[in-house]
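Each value in this text was obtained by applying a stated rule to the coordinates, not by laboratory testing. Note that the structure is predicted; figures quoted are calculated from it, not measured. Here the Cβ positions follow ideal geometry from the backbone for every residue, glycine too, while neighbour counts run over all protein chains shown.
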Amino acid sequence: MDTTFLPGILGIAVLVPLGSFAAIFTLGRWWKPVTGGYVATGAIALSGVLSLCALAIWLGHHPVGAGAHHAQGTVDRVPLSLVAWRADTDGAPHAEESGAQGVVPSAYAGDYYQLGEFGQLRLSIGYYIDALTVVMFCVVTFIAFCIHVYALGYMHEELHTVTDHEVTLADGTPLTRPGRFGCFFQYMSLFCFSMLGLVLSGNIAMVFVFWELVGICSYFLIGFYIERRSACLAANKAFIVNRVGDFGMLIGMMALWSGLGTFAFGDVDRDGNGTIEPAERGIFSLVRPAERDHALTTPDGLVWAAAQEELVRWRQAHPEATGADAQRYARAQLPGWRDGGTDGTGQRYGYGWLTLAGIGIFCGCVGKSAQFPLHVWLPDAMEGPTPVSALVHSATMVAAGVYLVGRFYAVFTAEALLVIAVTGAVTLFLAATIAITATDIKRVLAYSTVSQLGYMMLALGVGGWLAGMLHLVTHACFKSLLFLCSGSVIHAVHSNDLRVMGGLWRKMPITAITMLIGCVAIAGLGIPLVIGLSGYYSKDLILEQALSFAQENGGRWAGLFFLVAAGGAAITAFYMFRLWFLAFAGQPRDAHRHGHAHESPRVMYVPLVLLALCAVGAAWELPGSDLSVAGLLEQARPTGTAATLTGVWVPLAWPSEHVAHAASSHGTIVVPAVLVAFATAVAGLALAVAMYVTGWLQPAEVSRQFAPVYRLFWNKWWFDELYAWGFVRPVGVLARLCAACDTGWIDRCLDALARGTCRVAVFWEQLADRRLIDGPVDRAAGWTYALGLSLRRLQTGNVRQYILFLVVGVVVVFLISSLFL
Amino acid sequence: MTLLGTIDWYAWFFGLFALLASVFAAAVLLTNNIVRMAFYLTLSLGATAGLFFLAGAEFVGAMQLMIYVGGTLVLLVFGVMLTAQATFIVMRPRSGEWVAALLAGSLLLGLLIATAWGVRPWREPRPTGALALAEGQSATAVGAALTGVRVDRLGDPAAPEGPSRTYSRSGYLFPFLIVSVHLLVVLVGAAYLARPRVEQPVRAEGRSP
Amino acid sequence: MTTLVASITVSHYLAVGAVLFVTGVMCMATKRNALGVLMGIELVLNGANVNFVALGSPFLRSTTLGIDGSLIALFVIVLAAAEAAVALAIALNFYNNHITIDVDRAEDLKG
């Protein structure tokens, strides 16, 4: 089949889950509840089949070349498509190839339907299809299918009337409500539709629409147990925190649109004349034009906007010049303004705007992908049913942020990449440390997700596009596996608390083995340089790129990224195996729960086995061919990003990803990185064994020894408290103030006004007196007291100890003075 | 006789007294019985007095025997007798403290001995032959110094002229007075501290029967 | 025999003083009996005294402290006597109050 069918096939694959949603929404009330589940599962299965068809077509026209991603060249092999699609009168798109004949384009872009054109603003429903799109389609549909099947078993309680023991009504009895089986699958279908639409989107406006759809679906699903207060709050939190990020994304979108005048990603030949006029060029070819060897170029519009002052100065200097003269002058000066003069030392107009646009887009991804400092919503999102957690935290919602960074990779300037790398590194470390102390099985996995997303962002930020995207795919596989396994455990013991589990592997061997596979995969264990599970490959790629970045720049700070990534690998291995050992190994800690535990039904463990196979082999090459996910993704590398990028404001260089894989750097980058990854993972595993299996180290003693650190991790670095104190409470106070004003105005009565004044006074007394004045004083007193208490321990009152201190002090002083004098 | 004549008797006696002093000091450290401790301390201090004699400080040696061995130790033995609860009461420290003390002590000992041999003038012997017994410090010189006259510095040409010369010749009269008063105060204070208290309503249970 | 024949220097005296000093310090660091601690202090003071006397001795060096060394040693002896008297008085008082001489039991002021 021809590639002309791709948009159609993928379009249908997107629409099928929407149809399922509509069907359950309208007809669901007359069906048996279980029918809705079957419809949704069937729909996502159909989408999966269509995605596989699309993959087959794609591979038919884009064979993954021998050693594709080890290509020695530093420039892209395939230039970005000059292929355009247009909507014909009959609606069937067709391809027109221009440029070099016989060159297979690496991406197809076009419009399904044009919504409207308002001056320069053109809104359309478009698509942008490259290897990344196809891979994401297959990953999302496959994982979503597994989760749907699993949910058919997991959600069976919802088939009948449910008694929710976590909700107590006013009369003290638990809540009883009708089951919401169909409703659950209705939301799941909408969720899948949103995510698939996001992946297929051909312009940022569409991305934003689906982006918000994903957000609202996650809101529905996290708040599925709407009667529980915690679930309500978690859903609100997820939604509101995401809005914070989306605000930045809107700014980025506006900056891009004002500079480029288009929302579309790729070049779209709208009038169908076979050539691409300037008005038909997409963002990617504008930012990295072929005329400049696909180097990052500040678009004319942004340069114009930023260089207005120069123009004004020129007009003042030449009062006699006409508007046409000014136009000519500006056009002549444009390249100079863009590149900072002929020698590149002057001011680069517009570069700052481009950086701002990149950071703005990244802000949205920070919210969606739960990066620091907006990571707080994700662990709370565990209030949703476990299949939702698996879906939200592996292949769909959080993946959307990383996907968008990968999609927009061509637009990011070096400075924006640095911001991404720093954010990723901080997130990775922060979340990993919190995961060490968490005792809720799903929260450990949630923080692990945050940490792994930090890995992806770090990889993207140091120039590892392939590394980040491959980790996105492999992580989707093993993280959904881990979540479904944890769901199976929770289903068996009816508790999330790791402290009441233990010794479960006898009771539920399939869950134990599949989860162990997931742990090994996420820890990146394998035989160094020979073979490993999927996580081994993607984590190695990330470490290699980080090491390559450090070697390229040499400085102490550039090496920090590698250190954080390597340290994070050790912590990852530690907390994942801690989880497994606590849940499955050792003696049962709660005999009652252990006695009632049982292996899950077949409908639940078959998806586990399927996903475990993926977690093992997702990064392997297909036996007997060169086909692998990495090779496929390499085809989708954004044009021009394979070249080395140098910062304008920061003195750093982003090495090409091919540098790390060139044969010459095998010994200097690949081998050290692989060995470091292996050593750190084994160290983490060994520590987990020493603490939770053999008992050489007592976890309780260790946590006592490092009590302050433990408290820091246990309280999640006090981020929730910080936000509550810094944002939530002031906003709450402000809202209350507004409400008070409102009632005062409605009453329009002096009395009410007086009462409002009273309330303001009380508020100020609370804020200024109690909090601003009393608060610091009380806290200072408390600190002094605590300091005194801690210093008191130094004074043991033991004479002999004092004498020893004295002697040691004398010796030390003598040694120091003899060393330095 | 010739054999005896070849022996450096000075070194021999120094070795004897040094060994006695060190061994009994170690015995003080190692025994747990307080009475034996006091006894070994007496012997160690006596041997030290011998070292003083050998070093030519006869007056200090005599005072060591009189004040220290005769006075201070008697005080200590009184203390032992007044505080003895049972015949052989044993108060051992924890083994960890022993280890720590051994470590710190060996460090300090190494440091001090390294210092003792680290200074060149200290480890070079005095040129032989020029020594006469009269050069020893007699009690007269010490006593005169305590009353403010430095007999040994009378003909010191190195001392500068003027008031500073007078100062350099001045003895230890003032410190001697201070120490005397200090001793008096201390003794009065000690007597006050150690006096038996007649009534003690609060801690009555804490008193010895 | 050669070691005994070798002439004695200041360093030898200082070594003996160091042994006495360190023994005294360890005595203080390991005894729980207050009087034992007191004896340790006496040993420490004696170690110091040996040093003073040795540095003031005319037999060991040409240039010495002279009788200053002897005088300082004398003062040390006197002060040691005074210190012993006061420390003993404190020990007796402590014993009267606590029926023990164990320094570890002196913890009334410990918060």
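Suppose every Lys and Arg Cβ carries +1 and every Asp and Glu Cβ carries -1, with no other charges. What dipole size does the stretch A:480-607 come out with about its Cα centre, to the nearest 20 debye?
Here the size comes out at about 420 debye.
Could you give me the radius of gyration and the Dmax of the stretch A:263-339, taking only the C-alpha atoms into account and expressing both in angstrom?
Expressed in Å, the Cα Rg and Dmax of the stretch A:263-339 come to 15.5, 46.
Cα atoms only, chain C: Rg and Dmax in Å?
Using the Cα atoms of chain C, the pair Rg, Dmax is 18.3, 61 Å.
With a ≥ b ≥ c taken as the square roots of the eigenvalues of the C-alpha gyration tensor of the stretch A:669-819, please select rounded if a/c is under 1.5 and otherwise prolate if a/b is larger than b/c or oblate if it is not?
oblate
So for A:K32, A:K539, A:K368, fewest C-beta neighbours within 10 Å to most, what's the order?
The fewest-first ordering by Cβ neighbours comes to A:K32, A:K368, A:K539.
Once the dipole of the stretch A:260-413 is set up with Lys and Arg at +1 and Asp and Glu at -1 on Cβ about the Cα centre, which of A:G274, A:T396, A:W377 lies farthest towards its positive end?
Highest projection toward the positive end goes to A:W377.
Say R0 is 51 Å: what FRET efficiency, to the nearest 0.05, do C:D108 and A:E721 get from their beta-carbon distance?
0.80
In deg cm²/dmol and to the nearest 500, what is the mean residue ellipticity at 222 nm of chain C if only DSSP H runs of at least 4 residues count, each as -39500 (n - 2.57), divided by the residue total?
Roughly -25000 deg cm²/dmol at 222 nm, from the helical runs in chain C.
Between the stretch A:549-593 and the stretch A:610-648, what is the separation of their alpha carbon centroids in Å?
Result: 24 Å between the Cα centres.
What is the ratio of the Cα radius of gyration of the stretch A:717-803 to 2.2 N^0.38 Å, with N the residue count, to two decimals?
1.88
To the nearest 20 debye, what is the magnitude of the charge dipole of the stretch A:717-803 about its Cα centre, counting +1 on the Cβ of each Lys and Arg and -1 on the Cβ of each Asp and Glu?
The calculated dipole for the stretch A:717-803 is roughly 460 debye.
Full-extension gain between A:Y38 and A:R602, please, as 0.36 nm times their residue separation minus the C-alpha to C-alpha distance.
201.4 nm
Using the Kyte-Doolittle scale, which helices in chain A average at least 1.6 and also have C-alpha atoms spread 20 Å or more along the helix axis, with helices defined as whole DSSP H runs?
Within chain A the helices that satisfy the rule are A:6-27, A:131-154, A:181-200, A:204-222, A:414-437, A:509-523, A:558-584, A:602-617, A:671-692, A:799-820.
Rounded, prolate or oblate for chain A? Axes are the square roots of the Cα gyration tensor eigenvalues, ordered a ≥ b ≥ c, and the cut-off for rounded is a/c under 1.5.
Because its axes are fairly even, with a/c under 1.5, chain A counts as rounded.
Would you mind checking the pairs A:K479/A:K507; A:K442/A:K479; A:K237/A:K442; A:K442/A:K539; A:K237/A:K539 and listing those with alpha carbons more than 20 angstrom apart?
From the list (A:K479/A:K507; A:K442/A:K479; A:K237/A:K442; A:K442/A:K539; A:K237/A:K539), the Cα-Cα distance tops 20 Å for A:K479/A:K507; A:K442/A:K539; A:K237/A:K539.
Which of the three applies to the stretch A:765-821, rounded, prolate or oblate, going by the alpha-carbon gyration tensor with a ≥ b ≥ c and a/c under 1.5 meaning rounded?
Taking the square roots of the gyration eigenvalues as a ≥ b ≥ c, the stretch A:765-821 is oblate.
Among A:F483, A:F584, A:F224, A:F820, what is the fewest-to-most ranking by other Cβ atoms within 10 Å?
Ordered by Cβ neighbours within 10 Å, fewest first: A:F820, A:F224, A:F584, A:F483.
Give the distance, in whole Å, between the Cα centre of the stretch C:1-62 and the Cα centre of the stretch A:431-476.
Spelled out, the Cα-based centre of one part sits 66 Å from the other.
Whole angstrom only: what separates the Cα centroid of the stretch A:381-412 from the Cα centroid of the stretch A:730-799?
The two parts, judged by their Cα centres, are 39 Å apart.
Answer with one residue from B:P125, A:Q186, C:V103: the one whose Cα lies farthest towards the positive end of the charge dipole of the protein assembly as shown, charges on Cβ with Lys, Arg +1 and Asp, Glu -1.
Result: C:V103, furthest along the dipole toward the positive end.
Between B:V119 and A:W620, how many nm apart are label points set 7 Å from Cα along the C-beta direction?
7.9
Debye calculation, C-alpha points only, no solvent: report log10 I(q)/I(0) for the stretch A:131-281 at q = 0.12, 0.19, 0.20 Å⁻¹, in the same order as the q values.
Those come out to -0.70, -1.23, -1.29, one per q.
Taking the Cα centre of the protein assembly as shown as the origin and placing charges on Cβ (Lys, Arg +1; Asp, Glu -1), which of C:V19, A:A264, A:G535 is farthest toward the positive end of the dipole?
Of C:V19, A:A264, A:G535, it is C:V19.
Evaluate the charge dipole of the protein assembly as shown about its Cα centre and quote only its size in Debye, nearest 20, assuming +1 on the Cβ of each Lys and Arg and -1 on the Cβ of each Asp and Glu.
3500
For A:L753 and A:D778, what does the FRET efficiency come to when R0 = 35 Å and r is the distance between their Cβ atoms, rounded to the nearest 0.05?
Taking R0 as 35 Å, the efficiency between A:L753 and A:D778 is 0.55.
Would you kindly state how much longer the chain becomes between A:A290 and A:N236 on full extension, computed as 0.36 nm times their sequence separation minus their alpha carbon distance, in nm to one decimal?
Gain on extension, A:A290 to A:N236, equals 14.9 nm.
Quick check: pseudo-label points 7 Å beyond the Cα along Cα→Cβ at A:R328 and A:W696, how many nm apart are they?
Roughly 8.3 nm, to one decimal.
When the C-alpha atoms of the stretch A:427-468 are aligned to their principal axes, what extent does each axis show, in angstrom, from largest down?
That gives 35, 15, 8 Å along the principal axes, largest extent first.
Please identify which residues in the stretch C:83-97 have an amide N closer than 20 Å to a label point set 7 Å out from the Cα of B:R195, following the Cα→Cβ vector.
C:85-97
Restricting the calculation to Cα positions, tell me the Rg (one decimal) and the Dmax (whole number) of the stretch A:718-768 in Å.
13.4, 44
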